[in-house]
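A.B. asks: Sharing a structure, written as structure tokens. Questions coming.
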Protein chains: 2
Amino acid sequence: MIKTAVIGVGNMGSKYASILQDGLVDGMELAALTRVKDQYKELLSRSFEAGVQVFETADKLFDAVEKGELSIDAVVIATPHYTHEEIAVRAFKNGLKVLCDKPSGVYSRQARIMEEAADESGKVFSMVFNQRTLPIYIRLKEIVSSGKYGALKRVNWVVTDWYRPEQYYKSSSWHATWEKDGGGVLLNQCPHNLDLLQWICGNPVRVQGFCHEGRFHDIEVEDDVTAYMEWDNGATGTFITSTGDAPGINRLEISLEEALIVCEKGVIKIGELEPEMGGKEADYRQTSTDLFPKDNRNLERDTAG
Amino acid sequence: MIKTAVIGVGNMGSKYASILQDGLVDGMELAALTRVKDQYKELLSRSFEAGVQVFETADKLFDAVEKGELSIDAVVIATPHYTHEEIAVRAFKNGLKVLCDKPSGVYSRQARIMEEAADESGKVFSMVFNQRTLPIYIRLKEIVSSGKYGALKRVNWVVTDWYRPEQYYKSSSWHATWEKDGGGVLLNQCPHNLDLLQWICGNPVRVQGFCHEGRFHDIEVEDDVTAYMEWDNGATGTFITSTGDAPGINRLEISLEEALIVCEKGVIKIGELEPEMGGKEADYRQTSTDLFPKDNRNLERDTAG
């Protein structure tokens, strides 16, 4: 069993601790906790009774590890963003595995330092990208990667369903600040979507972004983003997000050489080129003598997510 | 009756002439034609029999007007783009009304010259934006303009259903050239969409475009465009088009302060803010203490187009 400490038991940390407490992760057990917020003490009372050690801070936990008073194999980091780097680096120095909540840090420099520390230790380092486990994205990744429909032509992802009221930003002193949060909707909500985008479609080679800071909220960081992207094969795309749209949209359109894929509301719709197009769009484009062909809208086949 | 000459009877001109021949436009009658392509002679044979005059060129038609040999009140211009300006200006000089197929010209300078000539003559000058007569866009314009749902927040229009094969571009010597066509998908296919966009949502004050020339076809002009736009009230938007996507999409998303409107496949869907949001998103955003409110996706009410 991998004895695991959850560092930072707030909104997300309490979820991770509770999952471990309930034995829902094969091979992992809850061994220690830090910074347990009052409102989560009842949720985790069984662990306290079972003798799971609780520390005031991550520093005190690592002190105990270094003195041989605590034996753990891994840490799950769920503290404010600006502390991720320091905690991860100290964990790696102690030979621990690290699972870190997104984002890796407030600056890209912090992410690099964490990666270097992980490489040096040889221990497993992973970020929490839980949306990669959603069946719909696994299936989408399979479809795009299979090559059945050819290369990427276009990607448009409108993900404006991350609505947040003012109170969300006011609920903690570090949220929505450049210094401690590192950004707004791109750093807080969209790491999942940006990770899925590069996982499914590959990394774009050029990006131009249009960010608006405090457009919908009284915050200094961005809450509205439109990004234009280009891939090295010439594919183009947009990524549009905000925390101020209501109702919002979560719709991912992926245009491949031989099909259009639309992922929305838990359903993948695939529009394949119809037989009259000869199967290959590039061939059809060169040979067709119909000046105004009807657009092909065969989007009937749904693939449940 | 407005006696009308159709100047340039090719693909579009033959449609206009045929509509007039069939008496489908109240108050207008077909009086003359120029440059009738062989393949449209049978279609218009009734007009020839009825004595509608046919001229080899627009110049010869205007010569006849100036000599008093032909009496007309208006011209419909459906010639190649680079000739629109000269024909329109000569029509206005002869006191004729002008209905001109889009685009107005190859350069914006040509459009200005045409407008000046129209102003000087005091005669009606209009472009053919036939999509403004589609019930779905009339309804959309009414909904947005009514103010019922507040100001514009975001517009995304993906209009990639303008698919054209190579033969379309090879079918005439002037198509898809900078000099005589003036551009690609933006000048040829999208004037309708760009006109509807500014008609329904108002003109953006800033635009940044990403155009790819000859991405899908062997042409020198753009066949792939992504544009980012900003309106003076802070609203943002994208406009994405190409003639190389198959299957393509035609989907217009308009986010207003109190509703999301999606226009696709002949249907308008309106997602209104639900009562628990208190009717006004701005009020809800300020007062809600729910940190992670469920996004409001009431998109049930369809408005037939």
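A.B. asks: Could you run through the stretch A:129-164 and say how many residues are part of a loop (DSSP other than H, G, I, E, B), more than 9 Å from chain B (Cβ to nearest Cβ), of a type in the set (K, R) and closer than 24 Å to A:G248 by Cα?
C.D. replies: Step one: list which residues in the stretch A:129-164 are part of a loop (DSSP other than H, G, I, E, B), which gives A:129, A:134, A:147-151, A:160-164.
With the extra rule that they be more than 9 Å from chain B (Cβ to nearest Cβ), the set shrinks to A:129, A:134, A:147-151.
If we keep only those that are of a type in the set (K, R) too, we end up with A:148.
Adding the requirement that they be closer than 24 Å to A:G248 by Cα leaves none.
Adding up the residues that qualify gives 0.
A.B. asks: How about the stretch A:165-186: which of its residues are assigned to a helix (DSSP H, G or I) and either within 14 Å of chain B (Cβ to nearest Cβ) or of a type in the set (D, E) (or both)? Outline the logic, then answer.
C.D. replies: Of the stretch A:165-186, the ones assigned to a helix (DSSP H, G or I) are A:166-170, A:185-186.
Result: A:E166, A:Q167, A:Y168, A:Y169, A:K170, A:V185.
A.B. asks: While we're on this one: Quick one: how many residues across the stretch A:31-63 are hydrophobic (A, V, I, L, M, F, W, C), under 19 Å from A:P80 (Cα atoms) and modelled with pLDDT under 95? Write out each step before concluding.
C.D. replies: Taking the stretch A:31-63 as the starting set, the residues that turn out to be hydrophobic (A, V, I, L, M, F, W, C) are A:31-33, A:36, A:43-44, A:48, A:50, A:52, A:54-55, A:58, A:61-62.
Remaining after also requiring under 19 Å from A:P80 (Cα atoms): A:32-33, A:36, A:54-55, A:58, A:61-62.
So of that shortlist, the ones also modelled with pLDDT under 95 come out as A:36.
Of the residues in the stretch A:31-63, 1 are hydrophobic (A, V, I, L, M, F, W, C), under 19 Å from A:P80 (Cα atoms) and modelled with pLDDT under 95.
A.B. asks: Hey, can you tell me all the residues within the stretch A:9-27 that are crowded, with 20+ Cβ neighbours inside 10 Å and under 19 Å from the mean Cα position of the chain (by Cα)?
C.D. replies: Across the stretch A:9-27, the qualifying residues are A:G13, A:S14, A:Y16.
A.B. asks: When you go through (1) in a strand (DSSP E or B); (2) of a type outside the set (S, T, N, Q); (3) buried (at least 21 other Cβ atoms within 10 Å of the Cβ) one by one for A:G244, which number turns out not to apply?
C.D. replies: Exception for A:G244: condition (1).
A.B. asks: Taking the stretch A:152-163, which residues are closer than 21 Å to A:D195 by Cβ and touching a strand residue (DSSP E or B) at 6+ places or on another chain (Cβ under 8 Å)?
C.D. replies: Looking only at the stretch A:152-163, we keep the residues that are closer than 21 Å to A:D195 by Cβ, and these are A:152, A:154-163.
Residues satisfying the conditions are A:L152, A:R154, A:V155, A:N156, A:W157, A:V158, A:V159, A:T160, A:D161, A:W162.
A.B. asks: Restricting to the stretch A:120-144, give me the number of residues that are over 18 Å from A:K269 (Cβ atoms) and free of Cβ contacts under 8 Å to residues at least 24 places away in the same chain.
C.D. replies: 2
A.B. asks: Residues A:V65, A:V98, A:V54, A:V25: which one is without any contact (Cβ under 8 Å) to a residue 24 or more places away in the chain, more than 25 Å from A:S171 (Cβ to Cβ) and hydrophobic (A, V, I, L, M, F, W, C)?
C.D. replies: None of the other options fit; the residue is A:V25.
A.B. asks: Restricting to the stretch B:267-283, and then to whatever is more than 23 Å from A:I261 (Cβ to Cβ) and in a strand (DSSP E or B), can you tell me which residue is nearest to the other protein chains (Cβ to nearest Cβ)?
C.D. replies: B:G271
Yes or no, residue by residue, for (1) under 18 Å from B:V158 (Cα atoms); (2) in contact with a Leu (Cβ under 7 Å, 6 or more places away or on another chain); (3) at the interface with chain B (Cβ under 10 Å from one of its Cβ atoms):
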{"residue": "A:N188", "(1), (2), (3)": "no, no, no"}
{"residue": "A:H192", "(1), (2), (3)": "no, no, no"}
{"residue": "A:D195", "(1), (2), (3)": "no, no, no"}
{"residue": "A:G214", "(1), (2), (3)": "no, no, no"}
{"residue": "A:V225", "(1), (2), (3)": "yes, yes, yes"}
{"residue": "A:W231", "(1), (2), (3)": "no, yes, no"}
{"residue": "A:R251", "(1), (2), (3)": "yes, no, yes"}
{"residue": "A:K265", "(1), (2), (3)": "no, no, yes"}
{"residue": "A:R285", "(1), (2), (3)": "no, no, yes"}
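A.B. asks: Turning to a different aspect of this structure: Just the residues that are of a type in the set (D, E, K, R), without any contact (Cβ under 8 Å) to a residue 40 or more places away in the chain and part of a loop (DSSP other than H, G, I, E, B), please, taken from the stretch B:196-241.
C.D. replies: Those that are of a type in the set (D, E, K, R), without any contact (Cβ under 8 Å) to a residue 40 or more places away in the chain and part of a loop (DSSP other than H, G, I, E, B): B:R215, B:D232.
A.B. asks: What number of residues within the stretch A:179-190 are at pLDDT 90 or above and within 23 Å of B:Q286 (Cβ to Cβ)?
C.D. replies: 5
The values are calculated or read from the model by the stated rules, or taken from the named source; none is laboratory data. All figures in this text were calculated on a predicted structure; none of them were measured in a lab. All Cβ positions, glycine included, derive from the backbone under ideal geometry; neighbour counts span all protein chains shown.
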